[in-house]
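The values are calculated or read from the model by the stated rules, or taken from the named source; none is laboratory data. Since we're looking at a predicted model, the values are computed, not measured. All Cβ positions, even for glycine, are placed from backbone atoms using ideal geometry, and neighbour counts span all protein chains on display.
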Amino acid sequence: MSFMQVIDLKVHYPIRGGFFNTIVDWVYAVDGIDMEFEQGKTYGLVGESGCGKSTTGKAIIGLEKITSGKILFEGEDVTRERRSRTSRFHREVQMIFQDSHSSLNPRKRIADILAEPIRNFLHLTPREESRKIGELLEIVGLPQDAKEKYPHEFSGGQKQRINIARALATHPKMIIADEPVSALDLSVQAQVLNFMKDVQREFGLTYLFISHDLGVVKHMCDTIFIMYKGRFVERGTKEDIYGNSKHLYTKRLLSSIPATTPVGREKRKRARKEFEKVYEKMIHKAFDQNGRVYDLIPVSDTHYVSAPSARELLEIGKESEMGGSR
Amino acid sequence: MLLNLCIVAIKMIYKDFGNYGANIMKLMFFLSDTYTSLKADCRKGEGFLEKDALLTVRGLHVGFRINDRFYDAVDGVSFTLKHNEILAIVGESGCGKSSLATSIIGLHHDRNVRVTGEILFGERNLLELDDEEMNKIRGAEIAMIFQDPLSALNPLMRIGDQIEEALAYHTDYTREEREEQVMRLLKQVGIPKPEQTARQFPHQLSGGMRQRVMIAMAISCKPKIIIADEPTTALDVTIQAQILDLLKELQEETGAGIILITHDLGVVAEMADRVMVMYAGEIIEEAPVQKLFMHPKHPYTRLLFHSMPQLHSKDERLHVIEGTVPSLANLPRTGCRFSHRIPWIPKEAHEKHPSFHEISKDHYVQCICWKHFYFRKGASNNAARR
């Protein structure tokens, strides 16, 4: 059972200019997407830069005004409420940002940083608050003397764990993680990802994991959304996307992941080049006459692909087959 | 009076550009006409240089000043770069890989950074050259591509002018020839509408296009060596694949040697001919790319491969390397620097004074602890929780 739904979410930015700074055009950053979230699952949102994936995350949590659409949280419409500071929605849905350094206030000690959501939502006595902060530090595996330190005294991985601790402070149901590990080194990345999985198991959290790293997404996520130009082009379980991708764009994305072995790289490069040609030739078929990506059509129970109709879907699949995606 | 004002204004604008120019110059290109005197002619009495060596680094130390003491971020690094080769330098942040690169191209400040050792380019030691001589090499013969193209490009100059600046500085081309050259370069790096792009400013381009412009600038004077410092870290996978393919093609065309600095092992697998792994300022393993990926030997390299999220593995947990890289000031300077990250390997397994061993042809490993290394079971389970 899903506890949260996003229905036909749209975020459009006006482009102003010309006479009296009137609105000349719109940027369709997010253009009608539907999502639903179940408790304890991890959802991946993948796409190239500028496709609207971060905007989606920000719009859901209320950092971005939405143009139209609805967000339902446990059956209630929270579309308006979510922008108010003290709403329950804010307590239950938290966010982690990509840049762990700039998302921590450099003038505050760690104790105060972690206390902020507690003070906003939980109304504890100072002693309880201090105990709570201690617990949080313990969960994320930092020593107790970290309380008195400032953000710059920590390494990148530790800072990201502090961010996670802050997100956990109010016992949320869901955490939106916007590229949480893409600024981290490989070994630290492994640490943070493992840790995120641990916390998830412990608290039954739901993650919306926004990333462009397909390796990380595969490791973390149950359901994956592939986003392109503000719309979803494919949605499915990990197996659907990585084993049986249908949309041309998804295939291209998968074919450009660098393999982790140098064996056969010349062959891969040739295949990639060939596929690129097919892609250039075929990609216009992914849009309708208004230049929008088609709506999603179900292929199986879990697997949805954007296509004009079920028959044409098969056609696109067949022709791009020769591109040889891995 | 009015004329005077105009002159002052023009001077001010010019000065502004001058400042930017100085910055940009650091990243850019100067043609040397003295190259002809530079034929590969080994230095007498200096040991032997490999015949096809393009760049030889010997015993390089790069020390940064912290409270009036110098701490070496790069600690005795030696390697050679051959013609027509892509040499990858891999390591986590803070291991000294970027310091190494910037010292080759001479971007360090004399007062705050102490660079010792030898960087031999042809028969000249780059560290002994004065600014003027270095300017002639920098850009013309050794060029650099930076990680963040937006901050490496001048926001106030049009793309075409920025590329042209380099050519104007070191070549005898006329204005028309230079413009022609700029168009050719932009086309070469795969920018669809060169005429239009040349007139645009950096902020009007996407990240991938900006990086292409950086590459166009880097290859404008046909350098012998290109240093690419994390050229694709800021880009997403599809663009990354395009940029890497482009770099490789250009390299095959021009025969330049590329030093590719990255922390992405996938990029290394796709690109490199030879790989050096750095840890805490030292090279700990060096091998041809096939060998390194098939038979990594040093514990750090093996752990690094282990902690990579594999596309085809079913493992629930990723492996974690325990501990952290010590900061520059706290770095133990004796013994095996990796020893405290693998505490389950006994002290006796490490060398007291680690040295570089050739364990098979062209495969070098620092210290002998790799012989005794094994993965500890269950080590990953609570590493994050400690």
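Here A:Ala115 clears all of (1) buried (at least 21 other Cβ atoms within 10 Å of the Cβ); (2) under 28 Å from A:Gln5 (Cβ atoms); (3) in contact with an Asp or Glu (Cβ under 9 Å, 6 or more places away or on another chain) except the condition numbered (2). Quick check on B:Leu260: is it in contact (Cβ under 8 Å) with a residue 60 or more places away in the chain, within 30 Å of B:Gln188 (Cβ to Cβ) and in a helix (DSSP H, G or I)? No: the conditions fail for B:Leu260. Being in contact (Cβ under 8 Å) with a residue 24 or more places away in the chain, within 12 Å of the chain's Cα centre (by Cα), away from chain B (no Cβ under 13 Å) and closer than 30 Å to A:Ala307 by Cα is a property that A:Ile176 has.
So that you can scan it fast, the table gives a plain yes or no per residue for (1) free of Cβ contacts under 8 Å to residues at least 24 places away in the same chain; (2) surrounded by 11 or more Cβ atoms within 10 Å (Cβ to Cβ); (3) in a helix (DSSP H, G or I); (4) of a type in the set (Lys, Arg):
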{"residue": "B:Thr301", "(1), (2), (3), (4)": "no, yes, yes, no"}
{"residue": "B:Arg317", "(1), (2), (3), (4)": "no, yes, no, yes"}
{"residue": "B:Val320", "(1), (2), (3), (4)": "no, yes, no, no"}
{"residue": "B:Pro326", "(1), (2), (3), (4)": "no, yes, no, no"}
{"residue": "B:Pro332", "(1), (2), (3), (4)": "yes, yes, no, no"}
{"residue": "B:Glu351", "(1), (2), (3), (4)": "yes, yes, no, no"}
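The condition (being of a type in the set (A, V, I, L, M, F, W, C), farther than 22 Å from A:Arg85 by Cβ and within 14 Å of chain B (Cβ to nearest Cβ)) is satisfied by just one residue among A:Leu136, A:Leu184: A:Leu184. Screening the candidates A:Glu239, A:Glu280, A:Glu276 for the property of being touching a helix residue (DSSP H, G or I) at 6+ places or on another chain (Cβ under 9 Å), among the acidic types (Asp, Glu) and part of a helix (DSSP H, G or I) yields one hit, A:Glu276.
When B:Ser99 is tested against (1) out of contact with any strand residue (DSSP E or B) (no Cβ under 6 Å at 6 or more places or on another chain); (2) without any contact (Cβ under 8 Å) to a residue 40 or more places away in the chain, only condition (1) is not met. Taken together, the residues in the stretch A:139-171 that are within 12 Å of another protein chain (Cβ to nearest Cβ) and not small (Gly, Ala, Ser) amount to 10.
Scanning the stretch B:84-121 for residues that are part of a helix (DSSP H, G or I) and among the charged types (D, E, K, R) gives a single hit, B:Lys97.
The set of residues in the stretch B:334-349 that are of a type in the set (S, T, N, Q) and part of a loop (DSSP other than H, G, I, E, B) contains only B:Thr334.
Can you go through A:Leu208, A:Leu254, A:Leu248 and tell me which one is crowded, with 24+ Cβ neighbours inside 10 Å and more than 15 Å from the chain's Cα centre (by Cα)? Answer to the selection: A:Leu248.
Only a single item in (1) assigned to a loop (DSSP other than H, G, I, E, B); (2) within 14 Å of another protein chain (Cβ to nearest Cβ) is not met by B:Pro223, and it is number (2).
Conditions (1) modelled with pLDDT under 85; (2) more than 9 Å from chain A (Cβ to nearest Cβ), marked per residue:
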| site | (1), (2) |
| --- | --- |
| B:Ala228 | no, yes |
| B:Val267 | no, no |
| B:Val277 | no, yes |
| B:Thr301 | no, yes |
| B:Leu304 | no, no |
| B:Asp315 | yes, no |
| B:Leu318 | yes, no |
| B:Ala329 | yes, yes |
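The residue that is surrounded by the most Cβ atoms within 10 Å (Cβ to Cβ), counting only those in the stretch B:56-83 that are among the polar types (S, T, N, Q) and in a strand (DSSP E or B), is B:Thr56.
Sort out which residues of the stretch A:158-187 are among the β-branched types (Val, Ile, Thr) and either over 27 Å from A:Gly52 (Cα atoms) or in a strand (DSSP E or B) (or both), and write them in order of number. Within the stretch A:158-187, A:Thr170, A:Ile175, A:Ile176 qualify. Remark: pairs (first residue in the stretch A:263-282, modelled with pLDDT of 85 or more; second residue not in a helix (DSSP H, G or I); Cβ separation under 6 Å; 6+ apart in sequence or on different chains) = A:Ala271/A:Gly324; A:Phe275/A:Gly323; A:Val278/A:Gly323. Condition check: at positive phi and in a loop (DSSP other than H, G, I, E, B). Does A:His101 satisfy that? Considered against the rule, which asks whether it is at positive phi and in a loop (DSSP other than H, G, I, E, B), A:His101 comes out as no.
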